[in-house]
Amino acid sequence: MPRIDAHLHVFTRASSEFPREISDVWPAEREEPVEKLLDEMEKHQIDQAVLVQMAGASIANHRYLLQCLKEYPNRFLGIGLVPEGHPNPVDHMAELTDNTGIIGFRFSTFGGPRDIFAKMDVREFAAYPIWKCAAERDYVLWLYPNAINAHLLPYLIQAFPQVRVVLNHLAVCPGKGKFSWDAFGRPQIQVTGYNLTMHTTYRLARFENVNVHLSGQYAFSTEEFPYKDLAGWHSGLLSGFGAKRLMWATDFPWILEEPGYGKLTTVIEELLPNLSEAELADIMGGNAKRILRFPDL
Amino acid sequence: MILPTPDQKAQWEAEGYLVFENAIQGEDLKRLQNAFDYWAEACKAEWLDRVEAGEAVATFYDIPNPLEKDPVFIDIIDYPSYYGALMEFTDHDLILLGPQVRTVAPWPVSYTGWHPDVGHSNPLHIKVQIYVNDVEPGSGEFGFVPGSHKPDAGPYKRPMRQESMPGHKTFPGKAGTAIMFNSCGWHVSMDNHSDTPRKSIILIYEKRTPGRIGPEQFASISDYCQTPERRKLFSLNG
């Protein structure tokens, strides 16, 4: 069974060939290219990976991702972005998925009522056309919902049960103002001691098309690797979703310095020590291969 | 104080729950509903801001510090219709741990799955859930597995769907109904597929153990606790 890193990012220097947005963390001259990723994968026996677009959502911003997918069609699948407020997201998505290796798109908002007590008509959600398109064209939706959006998800999932959904990073829904970067250049999300997602995203386990990434531990934990304070979150996800709907990922490149790619390839064994060999193999790649339809190597 | 009947005692032992229909009624119920609605509305905007900030659960909310907001929330802690049973089952050594004055939104999925609250090594832990509005079937009613509070019951496993729990019973009821249950037992809020929020108050009690609740916990309502019985219930000094 292949070992698949189900969520990570690569980018190159900003240039006219590969335009991208810049920030303090990814200035124009910084690069975390696919070759560096392939080295790490080789060293740690990881066969395939999902490359997730970052640093811009325009078509042009996707050029480096598209090149990587073209160059290594058997190694990678891609997840794209849609500019917020795009007047025609359906055309944008179609252009990016025309035999490119991009299989879906990442979102954090759904454009529905902020108040869970409001009348809910899913057809009025801003994201409705995107989900409809995903259902028609078999896109995967890669979701990292903002906390105020989490309650909207089951309405969309109910409306489109055929859409494959992957909840990123332990199904956490980051709160407004709770994001920062740490000394190692890694995203940090401040979360409450009581796991609020038990009452939102964890409750989506009954929908068979919903899957969850076991990743991003470094961003939520108050401890160093292996992030034992999150063991309960992992076992909660395992008991809710089962071993067939969980996918391991590293969130490369943020983890390269601390704890390092190699250590993260063991994080599932550390946090879920009672998994059977078959369950571990599923989480480490079998599920990603089946759910995301990775090509045979 | 209304003590439980022999039948009620037998049911409590065997099944781990009791239902008190019309436990609160008439003017007392209206007073409770008015206070609930007033404070739920007053606290909602702040709760939503906290949801957005990732500091509060998105699928239900509790009125913060309800005992300080209206004395009606204090008066239901030792309300006669169920207080006698609470006292009897804890050998007249009862303490309050706290209230949850809770509004649960209609949502495609219940906000929680089947679970017990405590293990069998815990001192007797009892909850009383009081419906503030009518709770119809399919609108977030309480569910319980009779007998699941016993040490030799089970093992139980949380099913994907609430209605798939073997041996469970659901408890729709009119406003003013109180359901008392042993928190070792497996329980849940059923899905709410209606368009009506479920308004209820969950009172949490335990058989007293030394130091479980300090006198500072409920000191802010000390003026409302003048009798020795109430001071003991609220773990207040003197």
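The values are calculated or read from the model by the stated rules, or taken from the named source; none is laboratory data. Predicted model only: the values in this text are computed from it and were never measured. Cβ sites come from the backbone with ideal geometry, for glycine too, and all protein chains shown count toward neighbours.
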The condition of being assigned to a helix (DSSP H, G or I), at pLDDT 95 or above, closer than 25 Å to residue A:26 by Cα and not polar (S, T, N, Q) holds, among A:205, A:231, A:219, only for A:219
Listed by first then second residue, the pairs whose first member lies in the range B:11-27 and is farther than 25 Å from residue B:153 by Cα, whose partner is part of a loop (DSSP other than H, G, I, E, B) and among the β-branched types (Val, Ile, Thr), with beta carbons under 6 Å and at least 6 positions apart or on separate chains, are B:21/B:177
Residues of the range B:32-46 being facing another protein chain (nearest Cβ under 10 Å) and either more than 23 Å from the chain's Cα centre (by Cα) or β-branched (Val, Ile, Thr) (or both), which ones? B:45
Counting only residues that are touching a strand residue (DSSP E or B) at 6+ places or on another chain (Cβ under 9 Å) and more than 17 Å from residue A:235 (Cβ to Cβ), which one in the range A:201-210 is farthest from the other protein chains (Cβ to nearest Cβ)? A:209
Please verify whether residue A:263 is of a type in the set (Lys, Arg) and within 14 Å of residue A:218 (Cα to Cα), treating the condition exactly as stated. yes
What helices (runs of 4 or more DSSP H) completely inside the range A:59-164 contain at least 2 residues that are in contact (Cβ under 8 Å) with a residue 40 or more places away in the chain and within 14 Å of chain B (Cβ to nearest Cβ)? A:153-159
Looking at the range A:171-193, I want the residues that are facing chain B (nearest Cβ under 8 Å) and have a partner that is among the acidic types (Asp, Glu) and assigned to a loop (DSSP other than H, G, I, E, B) with Cβ atoms under 9 Å, at least 6 apart or on another chain. Which pairs are those? A:175/B:55; A:178/B:55; A:192/B:55
Can you tell me which condition residue A:252 does not meet? The list is (1) within 16 Å of residue A:47 (Cβ to Cβ); (2) part of a loop (DSSP other than H, G, I, E, B); (3) of a type outside the set (Asp, Glu); (4) without any contact (Cβ under 8 Å) to a residue 40 or more places away in the chain, and all the others hold. (4)
When only residues in the range B:175-224 that are among the acidic types (Asp, Glu) and more than 14 Å from chain A (Cβ to nearest Cβ) count, which is nearest to the chain's Cα centre (by Cα)? B:206
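Conditions (1) touching a helix residue (DSSP H, G or I) at 6+ places or on another chain (Cβ under 6 Å); (2) farther than 14 Å from residue A:4 by Cα, marked per residue:
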| position | (1), (2) |
| --- | --- |
| A:221 | yes, yes |
| A:271 | yes, yes |
| A:278 | no, yes |
| A:281 | no, no |
| A:294 | no, no |
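Let's see how each residue does on (1) among the hydroxyl-bearing types (Ser, Thr, Tyr); (2) on the phi > 0 side of the Ramachandran plot; (3) surrounded by 22 or more Cβ atoms within 10 Å (Cβ to Cβ):
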| position | (1), (2), (3) |
| --- | --- |
| A:105 | no, no, yes |
| A:117 | no, no, no |
| A:123 | no, no, no |
| A:136 | no, no, no |
| A:171 | no, yes, yes |
For the structure I just gave you, tell me whether residue B:35 is touching a helix residue (DSSP H, G or I) at 6+ places or on another chain (Cβ under 8 Å) and small (Gly, Ala, Ser). yes
Does the range B:64-77 contain any residue that is of a type in the set (Asp, Glu), more than 15 Å from the chain's Cα centre (by Cα), at the interface with chain A (Cβ under 10 Å from one of its Cβ atoms) and over 20 Å from residue B:186 (Cα atoms)? no
Residue hits (the range B:154-182; farther than 17 Å from residue B:129 by Cβ, of a type in the set (A, V, I, L, M, F, W, C) and surrounded by 14 or more Cβ atoms within 10 Å (Cβ to Cβ)) are B:165
Does residue A:222 satisfy the criteria of being of a type outside the set (A, V, I, L, M, F, W, C) and more than 14 Å from chain B (Cβ to nearest Cβ)? yes
Among (1) away from chain A (no Cβ under 14 Å); (2) out of contact with any Lys or Arg (no Cβ under 6 Å at 6 or more places or on another chain); (3) in contact (Cβ under 8 Å) with a residue 60 or more places away in the chain; (4) over 17 Å from residue B:173 (Cα atoms), which single condition is residue B:121 missing? (3)
Can you pull out the residues in the range A:215-224 that are over 16 Å from residue A:253 (Cα atoms) and crowded, with 17+ Cβ neighbours inside 10 Å? A:220, A:221
I want to confirm something. Restricting to the range B:47-63 and keeping residues that are in contact (Cβ under 8 Å) with a residue 12 or more places away in the chain and within 14 Å of chain A (Cβ to nearest Cβ), which single residue is nearest to residue B:230 (Cα to Cα)? B:62
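Name the residues in the range A:182-206 that are among the aromatic types (Phe, Trp, Tyr) and more than 18 Å from the chain's Cα centre (by Cα), would you? If you could, list the steps in order and put the result at the bottom.
Here is the first cut: in the range A:182-206, the residues among the aromatic types (Phe, Trp, Tyr) are A:184, A:194, A:202.
Selection gives A:184, A:194.
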Could you tell me which residue of the range A:165-175 is farthest from residue A:227 (Cα to Cα), considering only residues that are among the aliphatic types (A, V, I, L, M) and assigned to a helix (DSSP H, G or I)? A:171
